[in-house]
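Structure, as structure tokens:
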Amino acid sequence: MITPDPIQPGATFAVISPASAPKPERLDRGLDYLRSKGFNIKEGPNLRGKNKYLAGHGPEQLADIHWAFEDDEIDAIICSRGGYGTPRFLDDLNYELIAQHPKFFIGYSDITALQCALAVETGLVGISGVMAAVEMAAEEGIDPYTEQVFWDLITKPMPGQVLKNPSDMPHVILSEGTGEGPLIGGCLSLFNNLIGTPYFPDVAGGILVLEDIGENAQHLDRMLSQFKMAGFFHGEDRINGLMLGQFIDTWENADEDDFLLDELVRDIIGEVDFPIVSNMAYGHGMRKMTLPLGANVKLNGNDGSLTLL
């Protein structure tokens, strides 16, 4: 895997919208935040585009991705927001061009599809973390935990960094032990939809991380069952660890018959000999850790830590 060098003071960020359109006022706050940290900004030509639930038309969004990678004055790329639409581009990306200009590609949610494809086709480590018109645009300011973990990850050497939940946000151990391997996954529904395509990462021996928003318990049941049938959890091609982040708008309005997450894990995955840690501070919440998808990590199912190797 290719991990770009840490970001230096005064670096230049490209900001693009490969998924849905950001709200202008939120985007402006996010750009102001980046400038306040001493960074330069280059706006993608289609950054502020709008086409129903997408940020512009496909060719325009695709061109912005290629522009951001090809411009050697740009040190890192951050997406304005997630939403919908990035799986449309995967067959048309110029992976050779991107491989020749590796740089941090930052985002989460719908951006998961792009990050998986880039990992498979170019070996580029993807940065699953904050976005310009979301966390950086919070009216009350970016959460301090979120901010520190994000900047530490991309401005310092990754090996040796240890990620843990905030002290007031306890993790839950569902299976003890430790496991090492490349970090794979991201937003569950996007990751699940890539199965059967050329852009689905090899899960064997990996540390799988999953989170999502707006998926009810029945949807999680179906997707985890598909992963089980695909051999993720048992057999010679199984994963080496499972890290479950935040599942927002899943149980807040659930009815009394809905299974809880630990029940789904117990019933579908069953007994395993690798660590499973849930309630990790990762996902669509404003308080979250940033993760390097594709990098080698160690998941500790005893203390709930994730160490970057």
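The values are calculated or read from the model by the stated rules, or taken from the named source; none is laboratory data. Owing to the predicted nature of the structure, the values given are computational and were not obtained by experimental measurement. Glycine gets a Cβ as well: all are built from the backbone with ideal geometry, and neighbour counts include every protein chain shown.
Quickly run through the stretch 153-165 and pick out the residues that are farther than 23 Å from residue 277 by Cα and part of a helix (DSSP H, G or I).
154, 155, listed by residue number.
Go over the candidates 211, 263 one by one and state the one that is touching a Cys at 6+ places or on another chain (Cβ under 7 Å) and either among the aromatic types (Phe, Trp, Tyr) or assigned by TED's automatic domain parsing to the domain that holds residue 184 (or both).
Numbers: 263 fails: touching a Cys at 6+ places or on another chain (Cβ under 7 Å).
On inspection, the qualifying residue turns out to be 211.
Scan the stretch 169-186 and tell me whether some residue there is part of a helix (DSSP H, G or I), in contact with a strand residue (DSSP E or B) (Cβ under 8 Å, 6 or more places away or on another chain) and either within 21 Å of residue 105 (Cα to Cα) or modelled with pLDDT under 95 (or both).
no
Out of (1) of a type outside the set (Ser, Thr, Tyr); (2) surrounded by fewer than 14 Cβ atoms within 10 Å (Cβ to Cβ); (3) under 19 Å from the mean Cα position of the chain (by Cα); (4) not in a loop (DSSP other than H, G, I, E, B), the odd one out for residue 220 is which?
Checking residue 220 against (1) of a type outside the set (Ser, Thr, Tyr); (2) surrounded by fewer than 14 Cβ atoms within 10 Å (Cβ to Cβ); (3) under 19 Å from the mean Cα position of the chain (by Cα); (4) not in a loop (DSSP other than H, G, I, E, B), the one that fails is (2).
Give the residue that is surrounded by the most Cβ atoms within 10 Å (Cβ to Cβ), with candidates limited to residues of the stretch 124-146 that are in a strand (DSSP E or B) and either small (Gly, Ala, Ser) or free of Cβ contacts under 8 Å to residues at least 12 places away in the same chain (or both).
First, the residues of the stretch 124-146 that are in a strand (DSSP E or B): 124, 126-128.
This time we only want the ones that are either small (Gly, Ala, Ser) or free of Cβ contacts under 8 Å to residues at least 12 places away in the same chain (or both), so: 126, 128.
Details: 126: 26, 128: 30.
Filtering first and then ranking leaves 128.
Please work out which residue is surrounded by the fewest Cβ atoms within 10 Å (Cβ to Cβ), limiting yourself to the stretch 37-68 and to residues that are under 12 Å from residue 12 (Cα atoms) and not basic (Lys, Arg).
38
This table checks each residue for (1) in contact with a Phe, Trp or Tyr (Cβ under 8 Å, 6 or more places away or on another chain); (2) in the same structural domain as residue 110 (by TED's automatic domain parsing).
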position: 5; (1), (2): no, no
position: 28; (1), (2): no, yes
position: 34; (1), (2): yes, yes
position: 38; (1), (2): no, yes
position: 43; (1), (2): no, yes
position: 46; (1), (2): no, yes
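Just to be sure, is residue 149 closer than 18 Å to residue 304 by Cβ and either part of a helix (DSSP H, G or I) or in the same structural domain as residue 112 (by TED's automatic domain parsing) (or both)?
Details: closer than 18 Å to residue 304 by Cβ: yes; either part of a helix (DSSP H, G or I) or in the same structural domain as residue 112 (by TED's automatic domain parsing) (or both): yes.
Answer is yes for this residue.
Please tell me if residue 301 is within 15 Å of the chain's Cα centre (by Cα) and of a type in the set (Gly, Ala, Ser).
no
Which number in (1) within 30 Å of residue 157 (Cα to Cα); (2) surrounded by fewer than 15 Cβ atoms within 10 Å (Cβ to Cβ) marks the one condition that residue 30 misses?
Against the list (1) within 30 Å of residue 157 (Cα to Cα); (2) surrounded by fewer than 15 Cβ atoms within 10 Å (Cβ to Cβ), residue 30 comes up short only on (2).
In the stretch 1-32, which residues are of a type in the set (Gly, Ala, Ser) and either over 19 Å from residue 149 (Cβ atoms) or in contact with a helix residue (DSSP H, G or I) (Cβ under 7 Å, 6 or more places away or on another chain) (or both)?
Result: 10, 14, 17, 19, 20, 21, 30.
Yes/no matrix, rows are residues, columns are (1) at negative phi; (2) β-branched (Val, Ile, Thr); (3) crowded, with 21+ Cβ neighbours inside 10 Å:
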position: 228; (1), (2), (3): yes, no, no
position: 234; (1), (2), (3): yes, no, no
position: 240; (1), (2), (3): yes, no, yes
position: 248; (1), (2), (3): yes, yes, no
position: 257; (1), (2), (3): yes, no, no
position: 288; (1), (2), (3): yes, no, yes
position: 293; (1), (2), (3): yes, no, yes
position: 309; (1), (2), (3): yes, no, no
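How many residues are touching a residue at least 60 places away in the same chain (Cβ under 8 Å), closer than 21 Å to residue 243 by Cβ and loosely packed, with under 15 Cβ neighbours inside 10 Å if we restrict to the stretch 147-165?
Of the residues in the stretch 147-165, 3 are touching a residue at least 60 places away in the same chain (Cβ under 8 Å), closer than 21 Å to residue 243 by Cβ and loosely packed, with under 15 Cβ neighbours inside 10 Å.
Hey, among 246, 226, which residue is of a type in the set (S, T, N, Q), closer than 17 Å to residue 186 by Cα and not in a helix (DSSP H, G or I)?
So the residue among 246, 226 that is of a type in the set (S, T, N, Q), closer than 17 Å to residue 186 by Cα and not in a helix (DSSP H, G or I) is 246.
Which one of these is closer than 26 Å to residue 123 by Cβ and among the aromatic types (Phe, Trp, Tyr): 227, 259, 247? If you could, list the steps in order and put the result at the bottom.
Details: 259 fails: closer than 26 Å to residue 123 by Cβ; 247 fails: closer than 26 Å to residue 123 by Cβ.
Just one listed residue meets the conditions, 227.
Tell me whether the stretch 85-104 contains one or more residues that are among the charged types (D, E, K, R), under 24 Å from residue 295 (Cβ atoms) and over 15 Å from the mean Cα position of the chain (by Cα).
Checked against the condition, which is being among the charged types (D, E, K, R), under 24 Å from residue 295 (Cβ atoms) and over 15 Å from the mean Cα position of the chain (by Cα), the stretch 85-104 yields at least one hit.
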